[in-house]
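A.B. asks: Submitted below is the structure of interest, expressed as structure tokens.
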Amino acid sequence: MKGRRSRSKKTTGVAGSLLLAHPALKDANFRHAVILMSEHDDDGAMGVVLNQPDGRKLGALNGDFALSPLAQVPIFRGGPVQDRQLILVAWEPQPGGFRLHFGIEPTKAETCLAEGMEVRAFLGYSGWSAGQLENELKHNTWVVADVPEDLVHPPHDQNLWRRILGAQGDQWQLLAEEPDDNSLN
């Protein structure tokens with residue numbers, strides 16, 4: 001996966017990875033979130049939540065998309081930062097994974113779609129200021145995971161979190177399957 005990185009800044013470890021919300025995280029914005037991290041450097045970090053579908057398609061969001069090839073592209077809530085900003089993303093399958101095209105223009109998204117790539121629209125993003133994510137990682141708010149090769153393929157809903165967290169080992173499998181209401185356990 002390729003994300004945008006500045007060569008003059010020191011990059012750190014989570015760009016190109018997934019952040020999985022710890023099962024104990026109750027924040028409504030990130031409960032059971034799977035965040036694809038596109039940037040992480042000394043100035044902060046950003047990514048998009050993959051598993052919070054908005055339930056709408058681009059054609060319903062904006063008249064400019066209604067008659068375009070992008071009309072049926074699903075919209076996801078990318079995070080609480082600038083939640084009206086539209087971010088277009090495409091995944092290009094490659095041997096052993098995929099290449100991410102993040103923050104592309106609509107014409108590029110149309111080309112990607114025509115070439116058979118998975119295209120998604122995100123409203124907003126998840127962002128952290130300098131040092132904020134590092135602090136959250138120290139306090140085990142997030143589980144860092146490698147991006148599975150099949151991430152390109154939908155569905156991307158709450159089951160995505162359970163599937164990827166459960167793949168991190170036996171301890172995480174138990175926590176991933178735990179019901180939200182422990183009285184049902």
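A.B. asks: Just the residues that are of a type outside the set (A, V, I, L, M), under 14 Å from the mean Cα position of the chain (by Cα) and either surrounded by fewer than 16 Cβ atoms within 10 Å (Cβ to Cβ) or over 14 Å from residue 149 (Cα atoms) (or both), please, taken from segment 100-132. Outline the logic, then answer.
C.D. replies: Let us first name the residues in segment 100-132 that are of a type outside the set (A, V, I, L, M), namely 101-103, 105-108, 110-112, 115-116, 118, 120, 122, 124-129, 131-132.
In the following step, the residues that additionally are under 14 Å from the mean Cα position of the chain (by Cα) were identified as 101-103, 118, 120, 122, 124-127.
Selection gives 101, 102, 103, 120, 122, 124, 125, 126, 127.
A.B. asks: Say whether the condition of being surrounded by fewer than 14 Cβ atoms within 10 Å (Cβ to Cβ), of a type in the set (A, V, I, L, M, F, W, C) and in contact with a helix residue (DSSP H, G or I) (Cβ under 8 Å, 6 or more places away or on another chain) is met by at least one residue in segment 136-145.
C.D. replies: yes
A.B. asks: Further question on the same structure: Scan segment 102-117 for residues that are without any contact (Cβ under 8 Å) to a residue 40 or more places away in the chain and in contact with a Phe, Trp or Tyr (Cβ under 8 Å, 6 or more places away or on another chain) and jot them down.
C.D. replies: Passing the criteria: only 117.
A.B. asks: Inspect all residues belonging to segment 59-72 and state whether any of them is surrounded by fewer than 16 Cβ atoms within 10 Å (Cβ to Cβ), farther than 21 Å from residue 146 by Cβ, out of contact with any Asp or Glu (no Cβ under 7 Å at 6 or more places or on another chain) and in contact (Cβ under 8 Å) with a residue 60 or more places away in the chain.
C.D. replies: no
A.B. asks: Now for a different question. If I filter segment 74-93 for residues that are out of contact with any Cys (no Cβ under 8 Å at 6 or more places or on another chain), crowded, with 17+ Cβ neighbours inside 10 Å, under 22 Å from residue 14 (Cα atoms) and touching a residue at least 60 places away in the same chain (Cβ under 8 Å), do I get at least one hit?
C.D. replies: yes
A.B. asks: Could you check segment 99-128 and list, in sequence order, the residues that are closer than 18 Å to residue 59 by Cα, of a type in the set (D, E, K, R) and in a strand (DSSP E or B)? Write out each step before concluding.
C.D. replies: Here is the first cut: in segment 99-128, the ones closer than 18 Å to residue 59 by Cα are 104-114, 118-124.
If we keep only those that are of a type in the set (D, E, K, R) too, we end up with 105, 108, 110, 118, 120.
118, 120, listed by residue number.
A.B. asks: Here is a list: 170, 150. Which entry is modelled with pLDDT under 90, charged (D, E, K, R) and over 18 Å from residue 50 (Cβ atoms)?
C.D. replies: Values: 150 fails: over 18 Å from residue 50 (Cβ atoms).
The match here is 170.
A.B. asks: Let me ask something else about it. Which members of segment 60-71 meet the condition of being modelled with pLDDT of 95 or more and either assigned to a helix (DSSP H, G or I) or among the hydrophobic types (A, V, I, L, M, F, W, C) (or both)?
C.D. replies: Correct list: 70, 71.
The values are calculated or read from the model by the stated rules, or taken from the named source; none is laboratory data. No experiment lies behind these values; they were computed from the predicted model shown. When we count neighbours, we look across all protein chains shown, and the Cβ atoms used for this are built from the backbone with ideal geometry, even at glycine.
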